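Student: Handing you a structure now.
The values are calculated or read from the model by the stated rules, or taken from the named source; none is laboratory data. Remember, predicted model here, so these are calculated numbers, not experimental data. Methodologically, a virtual Cβ is constructed for each residue, glycine included, from the backbone with ideal geometry; neighbour enumeration extends over all protein chains shown. The accessibility values were calculated without ligands, DNA or RNA, using every heavy atom of the protein model including side chains. Shrake-Rupley method; radii C 1.70, N 1.55, O 1.52, S 1.80 Å.
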Amino acid sequence: MKKLQAPRGTLDVLPPDARRRRDILQVADEVLGRAGYEPMETPVFEDTELFARGVGESTDIVQKEMFTFEDKAGRSLTLRPEGTAGVCRAYIEHGMHKLPLPVKVWYAGPYFRHEAPQAGRYRQFTQIGAEAIGSDDPTLDAELILLLAEIFERSGTGPARLRLSSLGTPATRAEYVDELRTYLRAREGELSAEVRERLDQNPLRAFDADHAGTQAVMADAPRLVDRLSDEDAEHFADVRGLLDSAGLGYELDPTLVRGLDYYTRTVFEFESERLGAQAALGGGGRYDGLVEELGGPPTPGVGWAAGVERMLLAAGDAEQGRAADVFIASAEGTPDALVLAQLLRGAGYRTQMEQAGRGMKGQLKHANRLGAPVVVIVGGPEIEVKDMDSGEQRPAGSLEDAVSHVEELLR
Ligand code: HAM
């Protein structure tokens, strides 16, 4: 019989890791909630066209990495590779521009990219994302970056390098891309085959290349940040000024290329030294043309997403906390154990009881393993409450009395 395994590039999340993932979502909920971001959900699959138009035809994501399939009616659907396009589609579909602006939302869930799996890179992964739609106020760019930094900080992911740049508007970018293409054409012989192939479609990709010859050419290439319009340059200066006032350090990196086509103006990425080749913990930027591109009214937007698996990798193994406050040891077949467990759970204590037929010695050992500071022994001639630290054991007259002893010991 074929051995059944999780599909390539997917993860089973077992205890205690699944708990740690929830803790991260909890942190995100708190941090984003306090800043007025409300939870939002969109479908896990969408029309393929949404991503082709939203993320961009020339991106690796659309060209190589989408899980695309046909439904029974022959519609082309795609498992979402990212969240921004879906949120903007929903924003348009539900007329959310009529809400007080900006509309601030956050989301978390599974995303899918058909990439070569390696440490920190999966085919199904989890993102937390936040978006502020309907205003181009630079405080939104800065606020979102600060909130993401706070989420990383509170999740214990350790030091991260923040790279920041601005891409300007599509018009500036188009002019710049022509300039860059001309520059690269003149040096075609020194470029990698891959960059040469993409020269027409996306010469910006050359900044991403690992190829030494290409990197040498790029060192002297014209830079988009030097071509920004006055308005975009001012917006970028505002964002930087706000981050400076907030005391958040960043590196200006004009070579920062994001793998999605919708970005305008601000772009950023947080990288962790604790991660290997897949160092990006999270990133995002402004997408002032995306809603219009998807058929909505001209609407600015800004946001980010962070990879939860990478956050956990960067945070390392957490200490395992206490699994139970109380353990109920008992002789087999004592109905009292479950009754007492319910009483203690009702009083708010994490309570476990013997459910695998161990002997008394084995039960006490198991209580230790769970880290339970108190053990109640039932089923004998009397009920006993044992303080596991001191070893002191006291009798209890009834189950209710046992609860009072536990309360006293755990106070
Ligand atoms: P992204 O940079 O493509 O941005 O993805 C954000 C984060 O998701 C990455 O920094 C990384 O931590 C995680 N990630 C991406 N691909 C994988 C993978 N194959 N395995 C594990 N983790 C992965 C976006 O998705 C944009 N939607 C962000 C955004 C929101 N921009 C504006 N609003």
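Student: Out of Ser76, Ser58, Ser135, report the one residue that is among the polar types (S, T, N, Q), open to solvent by 10 Å² or more (accessible area, probe 1.4 Å) and modelled with pLDDT under 95.
Tutor: Ser58
Student: Hey, can you tell me all the residues within the range 259-276 that are within 12 Å of the ligand (Cβ to nearest atom) and open to solvent by 30 Å² or more (accessible area, probe 1.4 Å)?
Tutor: Those that are within 12 Å of the ligand (Cβ to nearest atom) and open to solvent by 30 Å² or more (accessible area, probe 1.4 Å): Gly259, Asp261, Glu271.
Student: Would you check which residues across the range 182-195 are assigned to a helix (DSSP H, G or I), of a type outside the set (Asp, Glu) and farther than 19 Å from Pro254 by Cβ and list them?
Tutor: Arg185, Gly189, Ala193
Student: Cβ contacts < 6 Å: first residue closer than 15 Å to Pro39 by Cβ, restricted to the range 125-143; second residue more than 9 Å from the ligand (Cβ to nearest atom) and charged (D, E, K, R), any location; separation 6+ or different chain. Result?
Tutor: Ala132/Lys104
Student: Please indicate, with yes or no, whether at least one residue in the range 183-192 is of a type outside the set (Val, Ile, Thr) and within 20 Å of Leu167 (Cα to Cα).
Tutor: Checking the range 183-192: at least one residue is of a type outside the set (Val, Ile, Thr) and within 20 Å of Leu167 (Cα to Cα).
Student: Which residues, counting only those in the range 223-235, are in a loop (DSSP other than H, G, I, E, B) and open to solvent by less than 30 Å² (accessible area, probe 1.4 Å)?
Tutor: Leu228
Student: Scan (1) open to solvent by 10 Å² or more (accessible area, probe 1.4 Å); (2) touching a strand residue (DSSP E or B) at 6+ places or on another chain (Cβ under 7 Å); (3) within 16 Å of the ligand (Cβ to nearest atom) for the single condition Trp304 breaks and write down its number.
Tutor: That leaves (1) as the condition not met.
Student: As an exercise: evaluate Tyr183 against (1) farther than 17 Å from Asp29 by Cβ; (2) within 12 Å of the ligand (Cβ to nearest atom) and give the number of the one condition it does not meet.
Tutor: Going through the list (1) farther than 17 Å from Asp29 by Cβ; (2) within 12 Å of the ligand (Cβ to nearest atom), Tyr183 breaks only (2).
Student: Given the options Gly86, Gly36, name the one that is modelled with pLDDT of 95 or more, on the phi > 0 side of the Ramachandran plot and out of contact with any helix residue (DSSP H, G or I) (no Cβ under 6 Å at 6 or more places or on another chain).
Tutor: The unique qualifying residue is Gly36.
Student: Can you tell me which residues in the range 28-68 are farther than 23 Å from Leu312 by Cβ and of a type in the set (Gly, Ala, Ser)?
Tutor: Selection gives Ala35, Gly36, Ala52, Gly54, Gly56, Ser58.
Student: Can you tell me which residue in the range 287-301 is farthest from Ile151 (Cα to Cα), limited to those that are surrounded by 19 or more Cβ atoms within 10 Å (Cβ to Cβ) and away from the ligand (no atom under 13 Å from the Cβ)?
Tutor: Leu294
Student: So if I check each of Asp238, Asp244, which one is touching a helix residue (DSSP H, G or I) at 6+ places or on another chain (Cβ under 7 Å) and in a helix (DSSP H, G or I)?
Tutor: Criteria check complete, one pass: Asp238.
Student: Just for the range 247-269: of the residues that are in contact with a Lys or Arg (Cβ under 7 Å, 6 or more places away or on another chain) and not in a loop (DSSP other than H, G, I, E, B), which one is farthest from Leu228 (Cα to Cα)?
Tutor: Glu269
Student: Where residues in the range 196-222 are assigned to a helix (DSSP H, G or I) and within 30 Å of the chain's Cα centre (by Cα), which of them is surrounded by the most Cβ atoms within 10 Å (Cβ to Cβ)?
Tutor: Ala206
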